[in-house]
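Any read-out appearing in this document is the output of simple, stated calculations on the displayed coordinates, not a laboratory observation. Only a predicted model underlies this, so the values are computations on that prediction, with no experimental measurement involved. Glycine also receives a Cβ, built like all others from the backbone with ideal geometry; neighbour counts cover every protein chain displayed.
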Amino acid sequence: MDHPKGCATGEAGRRGSAPAVVVDRHVDENIPGAGMHAAARRALRCAVRAGAADYRRATQLPRLIPVAPADLADDSDAGTRCILAMLARALRSERRRGRAGHWSYDLNRHIGLHQAIRAETARLKRRSA
């Protein structure tokens, strides 16, 4: 059965049904505030890109994860992969806190972790290319 565009269940036209949902990240105009969510997503993506471009490993990484000075100085591919694994773990924990509504969740740290992962991944790609 074909569903209307932007509708997961095809029930958008039925009386008394819930409004259509966002599918495949397309914005549905029937949902109040859906345009605002898309704008927030775009702004967040821009902030992560800009932060990744200005990323300084020696100053920003110790604020995000517990890392030894020797790990900061390690410029090898294996060292970068180890840092990426620690960043991924920290990001999972931060996401978990955010979804749970925990008082210690920090949006700035969440964004910083995304920026660090993006920058470290780019660093790894540059070295292996």
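Summary of computed values
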| item | result |
| --- | --- |
| Hits in segment 75-96 (condition: surrounded by 15 or more Cβ atoms within 10 Å (Cβ to Cβ) and out of contact with any Asp or Glu (no Cβ under 8 Å at 6 or more places or on another chain)) | Met86, Ala90, Leu91 |
| Selected residue [more than 23 Å from Asp54 (Cβ to Cβ) and in a helix (DSSP H, G or I)] from Arg92, Arg118, Arg126, Arg109 | Arg92 |
| Output for segment 40-78, where each listed residue is within 23 Å of Ser128 (Cα to Cα), small (Gly, Ala, Ser) and assigned to a loop (DSSP other than H, G, I, E, B) | Ser76 |
